[in-house]
Amino acid sequence: MSDSSTGRAAPPAPAGGAPAAPPVVGEKIVKLRHPWRVVFAVVLLALVAIFVIDAALRPAFDWPAVGKYVFDRRVSQAAAITLLLTVLSMIIGVVLGIVLAVMRQSPNPVLKSIAWVYLWIFRGTPVYVQLVFWGLLATIYTSVDLGVPFMDPWISFPTKVLFNAFWLTVIGLGLNESAYMAEIVRAGLLSVDPGQHEAATALGMGWGKTMRRVVLPQAMRVIIPPTGNEVISMLKTTSLATAVPFTFELYSRTRDISVEIFNPVPLLIVASIWYLAITSVLMVGQYFLEKRFARGVGARPDTGPGPVTAAMSAVELEETDPDAGIAAKHGGDAR
């Protein structure tokens, strides 16, 4: 018996008189249409175009002033200082964050308690308030003394001479960042399978060597993405340096220029352009760094077609050769 619609031989009816299942007929797959999605996209593009045209024609933005000051020497120098603040603060934050994370994982209750209190203080208070405290360091501690406690110091340095506003900003931002980096590093350490510790111990490695050689390299793929976000966040947090006060970073410098020309909006746009440019470069670097540490993660060997693909192939084979199709379904020869 043949199927009149396809011209193929119909599969034999199953035993027991039950009706045979209809054969699978090859059909052209039509992509599902989403007309409302297209309408929504068109409306969004229209709104964006209206906003851009309005911004281009609005006098308050003063685009000629933006073009005049975007590459101004004072602004470019402030951008370089902002980038330097970001790098130095992140170095302090990452190094101290690793130390704090290891202290949190330490079996020593004293080290664990000290790390917890540190995180509690620096994560529980606003960074602006912390920077104000650092700006008042010379008022709180007039000098840095070296010697035996509660006796006359051997050497004394005035705090104002020892620390200027730039380094106070770096220290304040770095110590605040270390509290967040500690939790990021701790999450990365906890993501490593405990069996790695056991294997390293079986090879005779000590705790410190295990952390350096085994645990931290594997934890980096978990640590890198949030760390990249923290770098970008730190770049923007430098705008709070005015609390120290330090006024040579990007936002404070553009604000001072806007006060001179009585035109704040164009200088805000200038600062935003520089922040966006630096952030874009950092995002590209973060992408390649994540790709570097994610090598081999999620890769799996090719084990042939999956169960769905294999079942579909068996159905197609059954249409042309019923015995071979049944054998393919059951993974062996037809009986």
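Using Cβ point charges alone (K and R +1, D and E -1), the dipole size of segment 135-219 about the Cα centre works out to roughly 200 debye. Going 7 Å from the Cα of Ser76 in the Cα-to-Cβ direction, what parts of segment 269-283 have a backbone nitrogen less than 20 Å from that spot? Flagged as within label range: 269-282.
Of the residues Gln130, Phe40, Val70, the one whose Cα sits farthest towards the positive end of the charge dipole of segment 20-153 is Phe40 (charges of +1 on Lys and Arg Cβ, -1 on Asp and Glu Cβ, taken about the Cα centre). Across all Cα pairs in segment 97-140, the calculated P(r) in 5 Å bins from zero up to the longest distance comes to 5, 22, 19, 16, 16, 13, 7, 1 percent per bin.
Tell me, what is the FRET efficiency for Val43 and Phe262 to the nearest 0.05, using R0 = 22 angstrom and their Cβ-Cβ distance as r? Display every interim value, and only then the final one.
Details: r = 39 Å, r/R0 = 1.77.
E between Val43 and Phe262, to the nearest 0.05, is 0.05.
Here the label points at Ser191 and Ser280, each 7 Å from Cα along the C-beta direction, are separated by 2.9 nm in the simple model.
Can you give the translational diffusion coefficient of segment 19-128 in µm²/s, computed by Stokes-Einstein from the Kirkwood radius over Cα pairs at 20 °C and 1.002 mPa s?
Details: Rh = 21.9 Å.
Result for D is 98 µm²/s.
Take each peptide in 130-136, 112-118, count the other Cβ atoms within 10 Å of every residue, and average; sorted highest first, the result is 130-136, 112-118. In this rough spin-label picture, where each label sits 7 Å from Cα along the Cβ direction, the Ala202-Val132 distance is 5.7 nm. Protection proxy ranking of 29-40, 56-67, by the mean of other Cβ atoms within 10 Å over each peptide's residues and highest first, is 56-67, 29-40. Over segment 195-282, accessible surface divided per residue gives 51 Å², non-protein components excluded, 1.4 Å probe. Other residues whose C-beta falls under 15 angstrom from the C-beta of Gly97 contribute a net charge of 0, scoring Lys and Arg +1 and Asp and Glu -1. Straight-distance candidates among the lysines for linking to Lys28, with alpha-carbon spacing under 25 Å and chain neighbours fewer than 8 residues away dropped: Lys329. Distance from the C-alpha centroid of segment 232-268 to that of segment 184-210: 44 Å, rounded to the whole angstrom. Whole-percent P(r), segment 114-202, all Cα pairs, 5 Å bins from 0: 3, 11, 15, 14, 14, 14, 10, 6, 6, 6, 2.
The values are calculated or read from the model by the stated rules, or taken from the named source; none is laboratory data. In this text the structure is predicted, and so the values were computed from the model without any measurement. FYI the Cβ positions are ideal-geometry reconstructions off the backbone, even for glycines, and counts take in every protein chain you see. Note: accessible area is taken over every heavy atom of the protein model, side chains too, but ligands, DNA and RNA are not part of it. Shrake-Rupley method; radii C 1.70, N 1.55, O 1.52, S 1.80 Å.
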